[in-house]
Number of protein chains: 2
Amino acid sequence: MSVKETLNDAHSRWMDDDGPENGIIISSRVRVARNLLGIPFPHLLEKGKAEEVICAVQLALENSEMIELAGRLELCRMIELSPVERQILVDKHLISPAFMNDCQDKVVALREDEVVSIMVNEEDHLRIQCLLPGFQLENAWQTVNMADDGLEKTLDFAFSEKYGYLTVCPTNAGTGMRASVMLHLSGLVLTRQLNGVLEAIHKLGLTVRGLYGEGTEALGDLFQISNQITLGQAEEEIIKNLSSITTQILAQEHAARAAIYKGKKEMVEDRVWRAYGLGMNARIISAEEVMQLIADLRLGLDLDLLPPMPVRMLNELMVMTRPAYLIKLAGKELSQYQCDVYRANLLREKLHSA
Amino acid sequence: MSVKETLNDAHSRWMDDDGPENGIIISSRVRVARNLLGIPFPHLLEKGKAEEVICAVQLALENSEMIELAGRLELCRMIELSPVERQILVDKHLISPAFMNDCQDKVVALREDEVVSIMVNEEDHLRIQCLLPGFQLENAWQTVNMADDGLEKTLDFAFSEKYGYLTVCPTNAGTGMRASVMLHLSGLVLTRQLNGVLEAIHKLGLTVRGLYGEGTEALGDLFQISNQITLGQAEEEIIKNLSSITTQILAQEHAARAAIYKGKKEMVEDRVWRAYGLGMNARIISAEEVMQLIADLRLGLDLDLLPPMPVRMLNELMVMTRPAYLIKLAGKELSQYQCDVYRANLLREKLHSA
């Protein structure tokens, strides 16, 4: 399946509901930044040289040891995708929002299940990512590590004994690694404990972001928690640290959900059933509202309040109800109002079929 | 059926859906104020004298000509009703909110269908009311007039050639008549034309009030429009004037509904289906929210958007979802939170059964 084809399918492996703790942890992600030895960083590259990076990566991906270690990845030039298709890749968390801009020399490599993706000529020459459903930081790291090893069979990465992997932004130097989990924290939001938890997370050297990374708002009670430090800690240490804090937040969220359900049962039921009633009936739904509805439905499923429906469907809906996918589905430009109508129709259809 | 029994039934004749223009005009009401000749006004009455008024009314109600003209009315002393039962009479628009306070000497007379009711020892000795479904001002006036005639077979009302019927408050003198229609104006609210219409109504010497009369807020897009002037105009003139203005508002509301449905169809559908979805699913609903939900459901029925359900049920729900009736149903005191839960359960049950 080519990247073009993958865009027609809203599904990505990370949306499956077989991930550990998937009632609260949507997905786990690890990415490393790598740069090629002897080639200037992307923002300093002349036209011809950027192409050289792409060719080198293409060769590296075709190496049989790489394929054995990390699977077969398909290359796609960003320039060949329409703006809407690029946005879908962002919405599926396969490329960064920044990767959409000025994309002349930018290339993405994708494994068919979208678990492994590589951005070429983003801020660094390579950004190798693994994205898995549920709580699987260790697996995600192992997968990235294998892809990294596979690529090194062919490529020479810039590395210093003192600073580790060299990166454009010093905040990435060292391991070049950013690990994150996407958490659904409705319990902590509803019990007003979230701010306390977020403060504690900051003090532990972690960063909290919204659904679409840096600078984006927290929608639908979803929070991305990631390591801040990349230098002076081994990869395993970073993963272990993030995992351990995630385990604590997980316990707090479980406790908060149990507490609200015990204390004011009707309050949670009301929230969940209102989301169901609106999703099944509304005719106009904004991008923001749908994220909250999905969050509330997810909470309802986790608490066994709603008729069963696949978590996978809710995860897919997070992407399908974004404007880009709606425009793709409609096959034409849509105004915001038309998007809101399309979104409501799609949600209604999906919930009725579930 | 005694008044006590009537309280167990949320239904009143005015809730029926056979009234003309009942998609927009909920009910028509006419009341006249009367005082007995030679007896001080209620607020000046000594204990024994108040009882005299009650006895005189009781005798008048038992007069065969009165029964022939206005039907049989049952007397009930307010003191014999619990505060919750009194409130239900207010919620059904059968007595005024003021009639609940200090009710030692207050008596209500009710016809079984609740079309005719008489408050004894309210502000005036008698307040004779007729309340009918839909647009029936003329009928309501005829009914009040007959009851008035019937009572006059026995009672002498204070009347002056110059001032007409004498009343405690000079704003009621003359005809002593207040006529009103309860209008559901969602179309004018949604198209933001309401303020213009209300201003015009004021200029025409009419008054606009909320659902429960003077000083109450307009809930659920419901507005009570009544004559301001009682002196210097014949009863027929007052009725004709109010009817003619109501007919104009009716046309404007019809036009507004058609316009919104034509212009932004999804917007109205969204409003109506959201109300349906919430009514069918919510677990906690406030007294204010339910009025808006009922208004939106009524709009949906009028525009043929929803599965059919009786307008009568929606009218009954306006009374059944008030705190007093919920407490009566529960058979025990309810906190506001418990009321909100009961209300949501009741609405869900009614909508599912419809």
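Okay, here's what the table says:
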item	result
Check on B:LEU151, assigned to a helix (DSSP H, G or I) and touching a strand residue (DSSP E or B) at 6+ places or on another chain (Cβ under 8 Å)	yes
Boolean, A:VAL197 is more than 27 Å from A:ALA70 (Cβ to Cβ) and part of a strand (DSSP E or B)	no
Residue among A:MET146, A:MET100 that alone is surrounded by fewer than 22 Cβ atoms within 10 Å (Cβ to Cβ), out of contact with any Ser or Thr (no Cβ under 6 Å at 6 or more places or on another chain) and without any contact (Cβ under 8 Å) to a residue 24 or more places away in the chain	A:MET100
Helices (runs of 4 or more DSSP H) wholly inside region B:1-74 containing at least 1 residues that are modelled with pLDDT of 95 or more	B:47-62, B:64-70
Sole exception among (1) in contact with a helix residue (DSSP H, G or I) (Cβ under 7 Å, 6 or more places away or on another chain); (2) open to solvent by 20 Å² or more (accessible area, probe 1.4 Å); (3) under 27 Å from B:PRO20 (Cα atoms); (4) away from chain A (no Cβ under 12 Å) for B:VAL319, by number	(2)
Residue within region B:299-313 that is within 13 Å of chain A (Cβ to nearest Cβ), within 25 Å of A:VAL272 (Cα to Cα) and assigned to a helix (DSSP H, G or I) present	yes
Complete set of residues in region A:154-179 that are open to solvent by less than 40 Å² (accessible area, probe 1.4 Å) and of a type in the set (S, T, N, Q)	A:SER160, A:THR167, A:ASN172, A:THR175
Selected residue [outside the structural domain of A:GLY187 (by TED's automatic domain parsing), surrounded by 15 or more Cβ atoms within 10 Å (Cβ to Cβ), within 22 Å of the chain's Cα centre (by Cα) and not in a loop (DSSP other than H, G, I, E, B)] from A:GLU253, A:GLU289	A:GLU289
Meets criteria (in a helix (DSSP H, G or I), touching a residue at least 40 places away in the same chain (Cβ under 8 Å), of a type outside the set (A, V, I, L, M) and within 14 Å of another protein chain (Cβ to nearest Cβ)) for B:ARG271	yes
Residue that is farthest from the other protein chains (Cβ to nearest Cβ), among those in region B:322-350 that are in a helix (DSSP H, G or I) and either in contact with a His (Cβ under 9 Å, 6 or more places away or on another chain) or closer than 17 Å to B:MET15 by Cα (or both)	B:TYR325
Residue within region A:305-313 that is farther than 21 Å from A:LYS92 by Cα, over 25 Å from the mean Cα position of the chain (by Cα) and crowded, with 18+ Cβ neighbours inside 10 Å present	yes
Answer residue from region B:256-268, given it is among the aliphatic types (A, V, I, L, M) and open to solvent by 20 Å² or more (accessible area, probe 1.4 Å) and is nearest to the other protein chains (Cβ to nearest Cβ) among those	B:MET267
Top-ranked residue in region A:201-250 [being among the small types (Gly, Ala, Ser) and not in a strand (DSSP E or B); ranked as modelled with the lowest pLDDT]	A:GLY215
Residue in region A:118-140 that is closer than 18 Å to A:THR246 by Cβ, of a type outside the set (Ser, Thr, Tyr), open to solvent by 10 Å² or more (accessible area, probe 1.4 Å) and part of a helix (DSSP H, G or I) present	yes
Test: residue in region A:181-194 that is within 27 Å of A:LEU132 (Cα to Cα), of a type in the set (Ser, Thr, Tyr) and either assigned to a helix (DSSP H, G or I) or open to solvent by 50 Å² or more (accessible area, probe 1.4 Å) (or both)	yes
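The values are calculated or read from the model by the stated rules, or taken from the named source; none is laboratory data. None of these values were measured; they are calculated from a predicted model. Neighbour counts are summed over all protein chains in view; Cβ atoms, including those assigned to glycine, are modelled from backbone coordinates with ideal geometry. Ligands, DNA and RNA are stripped out before the accessible areas are found, and what is left, the full protein with its side chains, is counted by its heavy atoms. Shrake-Rupley method; radii C 1.70, N 1.55, O 1.52, S 1.80 Å.
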